[in-house]
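Chemist: Handing you this structure, nothing more for now.
The values are calculated or read from the model by the stated rules, or taken from the named source; none is laboratory data. Note that the structure is a prediction, hence the values are computed from the model and not measured. In this analysis, Cβ positions are derived from the backbone assuming ideal geometry, glycine residues included, and neighbour counts consider all displayed protein chains.
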Amino acid sequence: MKFKAGMVIAGRYRVEAFHLEGGMQEVYRCFDLALERVVALKTPREGIVDKRFSRGAQMGARVVHPNVAATLDYVEEGPNRCLVEEFIEGKDLGRRLASDFAFLDPSLAAWVVHNIAKGIQAAHKVGICHRDLKPSNIMTSADGHMDIIKLTDFGIAKLAEKELEAEIEKFEQDENTLTSSSTLLGAVPYLAPECWNDWSSAGQPADIWALGAIACHLLLGKPPFGGGKGAIMKMAQAQLTGKIELKSPEWFGTHQETALLEQELWSLVHSCLQIDPELRLKADEVVQRCEALCYSAAPRKTGVIATYPHKYANGGTATAGYISVDGGGSVFFHLSEFFSAGVKPKIGQRVNFGIAAGKPKERCSPVLLLLNP
Amino acid sequence: MKLPQRYKTLTKSVLAGGFGTVIPLEDTFLRRVVLLKVMQDTANNAQLQNELKGLCKARSRHVVEVYDVILNDNGEITGVVIERLRGRDFSAFHKEAESNPQLYIKILYQLACALRDLHAVGIVHRDLKLDNFKESAAGVVKLFDFGISSSDGGYQTKQNKGTLIYAAPELYVPGATITPEMDIYALGVCAWALAHPKFPTQLLEMPPQTSGRASSISTVMPTADKQADGLHKEVIDILYACLDPQPKNRPSADQISSVLARHLSRNKHRGLFVQGMHKVFELSAKQPSVTLKIGTLGQLKVTYDGLRFSIAEVDGSVSINNVPAEPGNVLHEACVLGFGDTSLGSSRQWVTFFSSHPEVVI
């Protein structure tokens, strides 16, 4: 850690706490003494010194949109380069997928994809590509349905470029160079095929590929080619044949209410994951498709299944049960609205859910199975 | 005024703005053009402080970003560096309003959201007007001039600095207390300014509407009964209510934003009836009415009016989420319709209803 709590950087940003560590950088929660607000301060990790950090900050600063974390300041103090961004209370999507979600139900997936698409559209509109779009570069608010979704780390794409180029080169010589901590390995599942040929010439279509891969990950619970080194092999094969084969999630079609939405989302995934960059949708087209989707973006709560199945007084049972809501209260749910990729409801499972009116208890729709901590 | 080295002035020209001066600058650290706002009269610096607090306190996607402050040698704030909005302004929007009522609603929706976000943290803008909002390059409508915003709701104003036409009638009373309802009134005036080059004469009176209420926006904007995408009565009514001379009769910004949001999806909803694993029926603007009949258990007629799905007729024993259905009931996003009396136990039949619509992500 470069900074300690209490330090004041550039005479303006007082470090409150170390927030988290990304592949290339450290993030601190700071208090901006001039404007009296909490901000995120990002600085390259110890040992990574690169002029491109400022270049990246400048790229990010050009995109001002609700779905892109606002770049507020860039300061250099001694050897330290710091990017100041708006602070988003929550976790990045990569961490959410690792700790909260096995996958997302179609409505929640549509909401996340729609917001990411808007961010990409805003960037492309001013001629900026992200080029390292992946779940860990997308910030989400901590609430159940991720009310706030913002792309971040435009800077890191640029900073990572040299590292990635070097890693790709090393990998070509020796396939054993990849370690789980490598920057490349984190990017691989979302990296467009053309990036492998020539990273620096990859442009806007690479962001669209990444969006398709992320959308696929949200629905399938894993990236289109899986993770790790296996993904590289599969990607190479796909590139050779010129097409990719994707199997839609097995749970598709088991909920009538989202059957159409599932098809539309999967078709969107396909239109983004085209080997030929020319054939992919443009950001504007992705946004248009998202704007035509019918889905529910209602707020969600979280809780734990407390009763299942429901027992009638006469001894019979119903495929329904009750969830005890985090923060208090109890709600009713029915199996038909349980999104779990085939897992049966069980007492103790963590879930998130929308709430609708009901009697004697409110009822949930939809209910999404979460990972248990 | 001495600027920190990171900022380079771009032009000698100065943009007119509320009570201060607005100067475009290049931020050489981030290589972007920003705006510097300084008070013409340094005695107004307290106002600049106020503006700053307002802007920083309200994290709204419909309010400009603040980046920096310029201090003098005594550590007092003399200037604020804010986001430059590069999108369109709305001074000539009235020319296209009539042919694009949906865009008209979308602009007002975003203004209502800005006020909702400000009012939620106790800030009254106090200077909402046509010249004080603009689109960003990404097409988001944002408020930018906070010259006289007050974070103190109980502030007693001696000088009313709001532009006159936008000033609510209660501001004409000496020592008027600044309230959020005054912003709502100004939003109602913005609705006129966006729709038409001329204000109704009653709004120009001082105090406004002394001789009677100004007519509703429906006199200059197409209405839904005449034009498919025209303004619906609910929109017309809520905009009319914004201009109510009685502050307590005006809707809140939260109410306005949710009504306008609903109207951004008008005629685009999809209502789905599902029984077991089968889709029974889909309601939409194309198929706005259906009667569901299950044997002798019960019968239900549901209609879609472009905004809501509601029960038109009930026959026999039908419940919505275990509450007996009655004509006029609205079917919410997801609900279970039970057919048959509770005494039937497991012989009752169940149909689930789901509605959704395209989500508006600005």
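Chemist: Would you confirm, using the coordinates I've provided, whether B:Gly153 is modelled with pLDDT of 90 or more, in a loop (DSSP other than H, G, I, E, B) and either under 26 Å from B:Val259 (Cβ atoms) or touching a Lys or Arg at 6+ places or on another chain (Cβ under 8 Å) (or both)?
Modeler: no
Chemist: Same structure, new question: Yes or no: the stretch A:79-87 includes at least one residue that is surrounded by fewer than 20 Cβ atoms within 10 Å (Cβ to Cβ) and either closer than 28 Å to A:Asn115 by Cβ or in the same structural domain as A:Gly221 (by TED's automatic domain parsing) (or both).
Modeler: Scanning the stretch A:79-87 turns up at least one residue that is surrounded by fewer than 20 Cβ atoms within 10 Å (Cβ to Cβ) and either closer than 28 Å to A:Asn115 by Cβ or in the same structural domain as A:Gly221 (by TED's automatic domain parsing) (or both).
Chemist: Then there is this: Looking at the stretch B:224-241 only, could you name the residues that are touching a strand residue (DSSP E or B) at 6+ places or on another chain (Cβ under 8 Å), surrounded by fewer than 19 Cβ atoms within 10 Å (Cβ to Cβ) and not in a helix (DSSP H, G or I)?
Modeler: B:Gly230
Chemist: Evaluate the stretch A:120-136: report whether one residue or more is outside the structural domain of A:Val63 (by TED's automatic domain parsing), surrounded by 24 or more Cβ atoms within 10 Å (Cβ to Cβ) and more than 19 Å from A:His217 (Cβ to Cβ).
Modeler: yes
Chemist: Is it the case that the stretch A:273-286 has a residue that's β-branched (Val, Ile, Thr), within 25 Å of B:Arg266 (Cα to Cα), crowded, with 20+ Cβ neighbours inside 10 Å and within 11 Å of chain B (Cβ to nearest Cβ)?
Modeler: No, the stretch A:273-286 contains no residue that is β-branched (Val, Ile, Thr), within 25 Å of B:Arg266 (Cα to Cα), crowded, with 20+ Cβ neighbours inside 10 Å and within 11 Å of chain B (Cβ to nearest Cβ).
Chemist: Filter the strands (runs of 3 or more DSSP E) completely within the stretch B:278-362 down to those with at least 1 residues that are within 11 Å of chain A (Cβ to nearest Cβ).
Modeler: B:278-283, B:318-320, B:334-339, B:349-358
Chemist: If you don't mind, another one. Taking the condition part of a loop (DSSP other than H, G, I, E, B), charged (D, E, K, R) and farther than 21 Å from A:Asn372 by Cα, does A:Glu285 pass?
Modeler: Criteria not met by A:Glu285.
Chemist: Then there is this: Given the conditions (1) closer than 30 Å to A:Val113 by Cα; (2) exposed (fewer than 15 other Cβ atoms within 10 Å of the Cβ), and given that B:Glu313 satisfies all but one, which numbered condition is not satisfied?
Modeler: Only one criterion in (1) closer than 30 Å to A:Val113 by Cα; (2) exposed (fewer than 15 other Cβ atoms within 10 Å of the Cβ) is unmet by B:Glu313, namely (1).
Chemist: If you take the residues in the stretch A:95-119 that are assigned to a helix (DSSP H, G or I) and more than 13 Å from chain B (Cβ to nearest Cβ), which one is surrounded by the fewest Cβ atoms within 10 Å (Cβ to Cβ)?
Modeler: A:Ser99
Chemist: Still on this structure, please answer the following. Which condition from (1) at pLDDT below 90; (2) crowded, with 18+ Cβ neighbours inside 10 Å is the one that A:Thr177 breaks?
Modeler: The single condition A:Thr177 does not satisfy is (2).
Chemist: Further question: Of the residues that make up the stretch A:352-364, is at least one crowded, with 17+ Cβ neighbours inside 10 Å, in a loop (DSSP other than H, G, I, E, B) and touching a Pro at 6+ places or on another chain (Cβ under 6 Å)?
Modeler: No.
Chemist: Go through the residues of the stretch A:287-297 one by one and say whether even a single one is away from chain B (no Cβ under 14 Å) and out of contact with any helix residue (DSSP H, G or I) (no Cβ under 6 Å at 6 or more places or on another chain).
Modeler: No - not one qualifying residue is present in the stretch A:287-297.
Chemist: Report the residue count in the stretch B:242-277 for those that are part of a helix (DSSP H, G or I) and in contact (Cβ under 8 Å) with a residue 40 or more places away in the chain.
Modeler: The total comes to 12.
Chemist: On the basis of being of a type in the set (Asp, Glu) and within 14 Å of another protein chain (Cβ to nearest Cβ), does A:Glu46 make the cut?
Modeler: Against the criterion (of a type in the set (Asp, Glu) and within 14 Å of another protein chain (Cβ to nearest Cβ)), A:Glu46 does not qualify.
Chemist: Taking A:Leu151 as the residue in question, decide whether it is farther than 25 Å from A:Pro223 by Cβ and within 13 Å of chain B (Cβ to nearest Cβ).
Modeler: No, not satisfied.
Chemist: Restricting the search to the stretch A:288-308, which residues are closer than 19 Å to A:Cys216 by Cβ and outside any helix (DSSP H, G or I)?
Modeler: Listed by number, the residues that qualify are A:Leu293, A:Tyr295.
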